[in-house]
Structures are given as structure tokens and as C-alpha cells.
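See below for the structure under consideration.
The values are calculated or read from the model by the stated rules, or taken from the named source; none is laboratory data. Computed from a prediction, not measured in an experiment: that's the story for all the values here. Glycine gets a Cβ as well: all are built from the backbone with ideal geometry, and neighbour counts include every protein chain shown. These area figures cover heavy atoms from the full protein model, side chains too; ligands, DNA and RNA do not enter into them. Shrake-Rupley method; radii C 1.70, N 1.55, O 1.52, S 1.80 Å.
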Amino acid sequence: MAVADEVAAPRRELARWREDAAACGAELVPIRHHSPACARHVAARIRTLRPSVVLVEGPDDMTPLIPLLLHEEMRPPVAVYASAPLPRTAARWSPDAAPPRAVSFYPLCDYSPELVALREGAAVGARLAFIDLTWREQVAARVPAEEGQDRHVVSLLADAHLARSELLAALAERTGCRDADELWDHLFEVRQPRLDAATFADEVLAFCLLARLDAAPEALEADGTLARERAMASAIRAAVAARAAADGPVLVVTGGFHTVHLPRLLVGDDELPPRPTPRAASSPEAGAPCLIRYSFDRLDALHGYASGMPSPRYHQTVWSLGAAGDEDGDEAVADPFTEAAARLLVEIGRASRTRDLADAVSAADEIAALDACRRLPALRGHAGPTRADLLDAVRSVYLRGGGDSSPLGLLVYEVLGGRELGAVPPAAGRPPIVADFHRRAEALRLSLDSIEPRDFALDLYRTRRHRRVSRFLHALSFLEVPFARRLGGPDFVAGSDLERLQEHWQIAWSPQVEGALIDAAVHGDTVDEACLDRLRAAALALEAEGRGRDAAAPVRLLVTACRMGLQRDADRLLELIDRGLAEDPSFAAVVGALGELLLLWISREPLEAHRLEALPALVVVAYRRACFLLDELASVETAGDREGTVGDDEASALLEALVALRQVLDAVDPGQSSDPQSLDTGNALDPDLFFDAVERVATARRAAPELVGAAVGLLHSAGRLGEAQLLRRVEGHLAGAVVGGSAAARGVGMLHGLLTTCREVLWRIPGLVERLDAMLRSWSDDELLAALPRLRLCLGRLTPREIDRVAAVVARQYGLGNAEAFGDLVLRQVPEAEVLLNLRLGGRLRAALAHDGLEAS
């Protein structure tokens with residue numbers, strides 16, 4: 001596009017807007033959300049025009065909340081929270097499940113133009129109202145971005161179209177600004193006090209008009225923008241029609257992106273959809289929007305809030321200094337931008353010294369940074385120091401190249417962002433999920449009155465109320481609500497500390513609890529609904545990631561569901577477990593799933609898993625599948641390298657799984673009952689199924705030596721392989737009756753497996769030590785050096801007492817009488833690394849002598 005066209009098109013649109021705006025019968029005030037400059041402009045316009053009606057962009061079912069927004073006990077930042085059900089998709093689980101939710105927030109701070117409009121409008125006696133579609137209607141007006149999209153968290157004050165505008169990006173580049181935020185500060189924030197009202201409004205409108213020229217009508221229809229604008233135009237037209245001749249004007253405050261289009265709708269002939277009559281107030285628990293506390297850190301654009309101005313505490317400081325004076329009640333300062341920069345620079349310096357940072361700021365640094373902050377505007381053509389100027393002064397003087405991610409850099413953004421938390425009047429009520437949390441906490445007699453941590457214990461086996469408390473606290477932890485912290489007790493997910501009868505928790509109320517609950521509200525209106533929806537999402541993610549064949553992951557989700565008391569909704573998880581057990585090719589994974597299923601059944605009393613009628617059958621399925629996969633290990637070469645052994649990590653996983661499968665049989669009484677609902681009587685966990693597979697592994701020629709050794713040990717410990725047979729198996733394997741691998745690799749692998757499952761053979765079968773001694777003496781020095789680390793790992797399983805027993809066997813073999821005879825031969829003060837180095841040096845020396853024909857000298 002030619003430069004002339006670039007300029008002419010916006011000018012034509014702006015001229016047309018002026019004509020339509022003059023004829024629409026209302027005063028339209030364009031703003032950018034959360035802009036202090038726009039807030040000052042709105043306040044001045046209302047004081048000058050003294051309108052009879054002030055209409056503000058926002059869902060019209062928020063109108064009953066205006067008295068709360070103007071209440072003397074309301075302290076920003078606050079937000080209006082709303083949720084609405086989304087249409088079900090094929091991915092949802094069951095018809096009776098809670099529908100997916102879309103959640104919205106309408107944040108307000110002291111310098112939000114919308115809140116300023118309400119306050120100033122109330123001061124001149126105007127009627128106040130919000131005029132946008134309700135959040136439920138906005139959800140219905142949107143086209144889902146993709147099939148299966150079933151949850152959203154949305155800002156109702158989003159400026160996404162401004163952020164995506166290519167024309168605004170080009171303007172920023174042309175003016176030397178790095179991004180849209182810096183461009184906005186350059187054009188409006190620091191210039192607004194010097195501009196008259198008409199010029200400021202025209203320039204904001206022109207800014208937003210550029211973004212509108214970039215937006216395709218089909219995209220605006222798809223995201224609900226056009227439907228919202230038709231609703232707002234309908235409400236404005238109705239207010240203009242109801243205005244009496246003697247009344248003041250109707251003043252409308254909307255985002256500039258919408259203001260650009262509204263006059264065309266107001267003066268056009270198109271029929272606008274009628275809006276319902278003003279809604280009566282209703283409770284948040286009935287689904288109405290509600291007012292909640294908010295915080296600056298959640299409002300900060302740098303933390304992901306799409307329509308936020310970055311660094312809200314910086315803007316709050318500028319607003320306070322320019323609009324109402326400082327904290328000591330002095331008059332508003334003439335240059336709030338320089339004064340705000342000075343105060344924040346000093347605060348950053350003080351905080352860096354208080355925290356004793358390595359790069360703490362000195363008083364001289366503070367003076368230098370403020371001087372830079374004062375000089376940069378003249379260099380860049382700014383009307384005053386902007387937020388970008390302040391940050392560049394900090395980077396050049398404070399950070400000294402340390403970067404924004406350094407400890408001091410993070411402190412800078414923390415100070416500029418702020419952590420202030422707002423307050424709402426008691427009459428504001430609570431969002432449904434927060435109300436559900438309070439109801440359940442009170443019913444369970446959990447104190448919410450103190451922020452001091454309080455420890456207590458829960459008896460899971462003997463007290464039903466304690467089990468209910470445990471489920472509630474686990475649910476909150478699952479939702480990442482910082483109310484309770486588990487200190488100890490039986491862990492039914494990890495399978496640890498199961499002998500402990502009590503769970504120990506620490507609870508403490510904090511403002512972050514409510515914020516985290518509201519964040520979780522996208523998943524449901526109650527704690528249980530939110531947990532269940534997150535479980536479903538996790539299960540669907542397993543399938544989407546191609547992990548539908550994973551046996552262990554859905555079992556862990558099932559145990560998590562039981563800890564939260566959601567057993568009744570676990571049918572889909574049981575289906576996933578069944579499928580995973582049938583399709584998972586990993587022996588270790590299936591054994592892991594079996595162990596967790598059995599643990600769940602054994603712990604069914606505290607977890608109330610007896611409601612899972614399919615659980616015993618799944619244990620049987622997992623056991624049979626594990627035995628089948630074990631049998632396959634005997635017929636498939638599992639060697640991980642040319643040495644004929646599996647890798648250390650793989651070997652450890654397989655050996656641990658083999659031991660765990662044997663322990664399953666120990667945990668279940670091998671009775672003969674065929675009762676499909678009973679595991680206590682055996683339930684067809686046939687030991688022969690396991691030991692037949694173990695026997696095939698023990699005699700397999702191509703199986704990894706680690707597995708062969710482990711299988712031989714299992715057979716011997718179960719009384720299915722005598723001492724003489726064990727010695728023949730070991731000797732045959734070490735003598736080369738297997739395919740592949742060096743003698744050293746086979747020997748260490750065999751020993752590793754054997755000591756994993758039956759290490760007592762070392763002192764109970766003396767002949768075994770004799771054969772292992774012969775194996776070690778047959779190795780060359782190079783083989784010994786190569787095998788020594790893994791050999792040490794194998795013997796590291798022995799306890800000190802077991803080491804003494806083996807030493808006694810070796811002593812008798814060498815005719816020394818007892819192990820104490822070795823004392824003079826052991827040099828304990830020599831480090832292991834030095835021993836290995838000396839062995840290597842000795843090997844090299846012998847090789848050099850052999851090369852020179854001197855080995856016999």
C-alpha cells in the first residue's frame with residue numbers, strides 16, 4: 001500500500017466516524033482498558049458534561065453489582081467473576097458428568113477507566129449500567145477454535161486485537177518503540193496531561209481505528225465481537241430514546257476498538273436485537289456474576305493477563321500521585337511520572353539491600369538511575385519518563401548487564417508489578433467453588449479463622465470423619481490450592497509408609513487460597529466437580545499423547561481419585577486400565593500397575609476402594625498379563641549390547657519388576673477360591689503360572705544373564721530348585737552354554753540377577769563361592785578392570801553382616817580359618833580410585849614389557 005493510501009484510508013474512516021457519532025445521540029468515549037491516561041480523560045469528560053446516564057462496556061448482568069463496586073469497603077484490585085457451561089463434545093466422558101465450564105474475569109483497579117466512570121457518574125447523579133452481552137451469551141456467540149475445545153479462562157477486558165495489529169506494529173517500528181505497550185505510553189500516557197480532551201479522544205480513536213482496519217469481519221463474527229457490539233448498540237439506542245430533553249447526555253465508555261464501530265450501528269437502519277430489562281440481583285451460587293478480591297500480580301500483563309497494562313503497581317503509583325496526591329495526603333504532584341520513578345527506584349534499592357542481594361543497589365546507584373530516567377525522555381522524544389525509560393535506566397545502572405532474569409532483575413519486576421490484594425464488602429457473596437469450599441471446611445470443622453499454620457493427625461483406619469477430611473485435603477492439593485500441606489503418613493500412590501496408621505497435615509488460611517480456588521473454577525463449580533474434570537482431562541491427555549497402552553499411568557490416576565473420594569466416577573479410568581493391561585508391552589510397567597492395583601485393594605478400607613467392583617478382576621488380568629510378558633522375556637533376546645547383557649538401567653527395572661511380581665504372590669494367599677470378588681482367598685493368582693515362566697527364563701539360551709540369574713534365585717528360594725541343580729545352572733551358564741557375550745559380562749550379569757533374588761546362596765552354598773572364585777581367576781586383567789564397577793554394584797547389595805558371612809566362607813576356602821585372617825591383607829586407607837589407577841598402570845606396564853619381550857624377566 002502506498003504511503004498516501006496508508007494515511008488516506010484512516011482519515012476517511014475517522015471523518016465518517018465523526019459524522020456518525022454526532023448523529024447517534026450519545027457521547028462516545030474510547031478507552032484502552034486499565035489505562036490511567038484514559039481514566040483521567042473519562043473523569044474529566046464526566047465532570048464537564050454531567051451526563052444523566054453513564055453506560056460502560058461489561059456484561060449487563062453485572063449491573064446489580066454496581067452498588068458493591070461503589071461500596072466504601074470495596075478496595076481495588078477486584079474482579080467480577082462469571083462462569084458458563086460450554087456445549088459438550090464427544091471427548092467428554094458421560095452424559096451425567098458436570099458440563100465443561102468457561103470462566104471469565106472482569107478485573108478493575110483504581111485507574112481502570114470503567115471503575116472511574118462508575119465513580120464519577122455516581123458523583124454527578126447519573127444512572128449507571130453495563131451494556132454488553134452476558135458471559136453466558138458471549139460463550140454462545142463464539143465459534144470454538146477447534147473441535148474438542150472445552151474450557152476457557154477469558155478476560156472480559158481483552159485488547160487482543162490491538163496486540164495483533166500489523167499496522168500498530170508498523171507504527172511502533174516507525175516511531176522507534178519496541179512494542180505496543182511502549183508505543184501506547186509514548187503516544188498517550190505521558191502526553192495526556194498536556195492534551196485537550198478533544199485531541200486526546202481523537203488520537204485514541206485513530207489508534208484503535210488502525211487496529212480495526214486490520215481485523216477481518218469473519219474473525220470478528222467468529223470471536224463474538226460483532227454480536228457484542230450489536231448488543232451494546234441496542235442498549236445505547238434504548239437509553240438515548242428514554243432520555244428526556246432536560247436530562248444530561250448519555251455517555252458511553254467502551255474499548256476504543258468497539259467505539260470505532262458503534263456509531264455506524266447506531267445511525268444505521270439495521271434492526272438491533274432487543275436487550276432484556278435490567279436484571280434483579282441474584283446470588284453467585286445461583287450462577288450470577290460475583291465480585292471477588294483480585295491482586296496486582298494476577299493483573300500484570302507480564303504474567304499472562306491479555307488486556308493488562310504491564311507493571312500495575314507502577315501505574316497505580318503514577319495514578320495516585322497525579323490524581324490524589326501522595327500517601328501523606330499532599331496535593332497531586334505536577335510531574336507524577338518523574339516522582340513515581342524516583343520513589344520506585346528508591347524502593348528497589350532498599351529492597352535489594354534488605355534481601356542482601358549480591359548485586360545490591362547503593363544510594364549512588366539510585367541517584368544515577370534517576371538522572372538517566374530524567375534524560376532519556378529528551379533523547380527519545382517522550383513528553384516525560386515512561387515505564388520503558390524507567391526500566392532502561394534500571395538495566396543500565398542497577399543490572400549492569402545482569403539481565404532481567406537475575407535476582408535483582410526479578411526484584412525489579414516484582415516491585416513494579418506489586419502484590420497488593422483487594423477487598424470486597426461482605427455482601428459480595430462468594431463464587432460457587434469458594435462457597436463449596438467454605439461449606440465443606442465448616443462441616444469438617446476445619447478452622448478458616450487463622451493464617452497461623454496448624455498441625456493435626458488423621459486416623460484413616462478408625463475414624464470415618466478423618467477419612468472425609470483426608471479426601472477433602474487431598475482434593476485441594478490436587479487442585480493446587482495452598483490450604484493444606486501433607487507432612488507424612490501412608491502414601492497409597494507411592495506405596496510407602498503403609499505401616500503408618502495416621503496422616504499428618506498442616507493447614508493455614510491465606511488470601512491465595514481463594515485465588516487458587518477461583519483459578520480451579522474453570523473445571524467445575526464445586527471442589528469435587530473440579531477434581532473430577534481434571535482427572536478426566538488427564539485421562540484424555542493420556543489417550544491424546546498416545547499413552548492409551550500405558551498400564552501404570554491410569555492406575556495412578558485411579559489411586560488419586562480414590563484418595564479424593566471420587567471412586568464412583570472412576571469407570572472411564574477402569575476402562576483405560578483394562579485396555580492398558582491388554583496392550584502395554586512393557587513387563588516392568590505392567591508389574592508396576594499390578595502392584596498399585598493390589599495396594600489399592602489391600603488399602604480398600606481407608607480408601608473405600610471396595611466400591612470398585614471391577615478391581616479384583618483387574619488384579620487377576622494384570623497378574624496374568626505380567627506372567628505372559630515374563631514368558632516372552634525367555635524367548636526374545638533382550639541383550640542391550642554385544643556383550644550379551646542389558647543396560648544397567650534396563651536390567652535394574654526388569655529385576656525390580658521380577659522381584660515385585662514374586663512379592664505379589666507373597667501378599668495374596670494362594671487359596672483355591674474362584675470367587676471373582678475376592679482377592680483375600682487367592683482369586684486364581686496361580687503360582688504355577690509365574691514359576692513356569694520363571695523356569696523357562698532360567699533355562700533360556702538367549703535371555704539376558706541378569707534375568708537368568710534372577711530366575712535361578714527365585715526357583716531356589718521357592719524350593720523348586722535344589723542346591724546341586726543351582727550349581728549346575730550357574731556353572732553351565734558361566735561355562736559358555738549360552739549365546740553371545742564375554743565370560744566376564746556373562747558372569748557379572750548372572751551374579752547380579754542371582755543376588756537380587758536370593759543373595760543368601762553366597763553363604764549357604766559354599767560351592768557357589770568356589771565357582772565364582774574360579775570365574776574371577778580365569779579373567780584377564782582387562783576383563784577384571786572392565787567388570788569391576790558392575791561387580792562392586794552387585795556385591796553392594798550385601799549388608800555388613802552378610803559380608804562377614806561371605807568372608808567367613810572365603811576364609812575357609814583358602815584354609816585361613818576365619819575372615820579375621822584377611823585383616824593384614826586389606827589396606828583400608830587406600831582410596832578406591834587409587835586402587836583402580838594402580839591396576840590400570842600395572843596392566844599397561846605388563847603390556848609394555850610383553851611388547852619388548854621382557855615379560856619373563
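What to note about this one:
- From Asp686, Asp680, residue being among the charged types (D, E, K, R) and modelled with pLDDT of 85 or more: Asp686
- Counting the residues of the stretch 586-606 that are open to solvent by 30 Å² or more (accessible area, probe 1.4 Å), at pLDDT below 85 and outside any helix (DSSP H, G or I) gives 0.
- Inter-residue pairs, beta-carbon under 7 Å, first farther than 18 Å from Asp202 by Cα and in the stretch 169-191, second open to solvent by 50 Å² or more (accessible area, probe 1.4 Å) and outside any helix (DSSP H, G or I), 6+ apart: Ala172/Asp179
- Count of the stretch 365-392 residues which are in contact with a Pro (Cβ under 8 Å, 6 or more places away or on another chain) and closer than 19 Å to Ser406 by Cβ: 0
Let's see how each residue does on (1) open to solvent by less than 20 Å² (accessible area, probe 1.4 Å); (2) in a helix (DSSP H, G or I):
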site	(1), (2)
Phe437	yes, yes
Ala441	yes, yes
Asp455	no, no
Arg462	no, no
Pro482	no, no
Arg485	no, no
Gln512	no, yes
Ala516	yes, yes
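- Residue among Ala593, Ala551, Ala530 that is within 17 Å of Ala657 (Cα to Cα) and in contact with a Gly (Cβ under 6 Å, 6 or more places away or on another chain): Ala551
- Listed by first and then second residue, the pairs with beta-carbon distance under 8 Å, at least 6 apart or on different chains, first residue in the stretch 407-424 and within 16 Å of Tyr294 (Cα to Cα), second at pLDDT 90 or above and exposed (fewer than 15 other Cβ atoms within 10 Å of the Cβ), are Ala423/Glu73; Val424/Glu73.
- Counted residues, the stretch 468-480 - those being open to solvent by less than 20 Å² (accessible area, probe 1.4 Å) and in a helix (DSSP H, G or I): 7
- For Ala744: the one exception among (1) surrounded by 14 or more Cβ atoms within 10 Å (Cβ to Cβ); (2) at pLDDT 75 or above; (3) not in a loop (DSSP other than H, G, I, E, B): (2)
- Filter result (surrounded by fewer than 22 Cβ atoms within 10 Å (Cβ to Cβ) and either outside any helix (DSSP H, G or I) or of a type in the set (Val, Ile, Thr) (or both)) within the stretch 709-720: Ala718, Gly719, Arg720
- Count - residues of the stretch 696-708 that are in a helix (DSSP H, G or I) and within 18 Å of Glu656 (Cα to Cα): 6
- Residues of the stretch 28-39 satisfying the condition of being open to solvent by 10 Å² or more (accessible area, probe 1.4 Å) and either at pLDDT below 95 or small (Gly, Ala, Ser) (or both): Arg32
- Which numbered condition Asp61 fails, given (1) more than 18 Å from Leu205 (Cα to Cα); (2) of a type outside the set (Lys, Arg); (3) under 46 Å from the mean Cα position of the chain (by Cα); (4) modelled with pLDDT of 95 or more: (4)
- Criterion: open to solvent by 70 Å² or more (accessible area, probe 1.4 Å), within 24 Å of Val748 (Cβ to Cβ) and at pLDDT 85 or above - qualifying residue of Arg696, Arg624: Arg696
- Residues that are within 39 Å of the chain's Cα centre (by Cα), charged (D, E, K, R) and surrounded by 15 or more Cβ atoms within 10 Å (Cβ to Cβ), drawn from the stretch 351-381: Asp359, Asp365, Glu366
- Qualifying residue in the stretch 286-293 (condition: at pLDDT 90 or above and under 20 Å from Phe130 (Cβ atoms)): yes
- Residue satisfying condition, being at pLDDT below 90, of a type outside the set (D, E, K, R), in contact with a Ser or Thr (Cβ under 8 Å, 6 or more places away or on another chain) and open to solvent by less than 20 Å² (accessible area, probe 1.4 Å), within set Gly409, Gly384: Gly384
- Filtered by the rule that a residue be at pLDDT below 70, among the aliphatic types (A, V, I, L, M) and either open to solvent by less than 30 Å² (accessible area, probe 1.4 Å) or over 22 Å from the mean Cα position of the chain (by Cα) (or both), the stretch 146-168 gives a lone residue, Ala158.
- Being under 22 Å from the mean Cα position of the chain (by Cα) and in contact (Cβ under 8 Å) with a residue 12 or more places away in the chain is a description that does not apply to Ala551.
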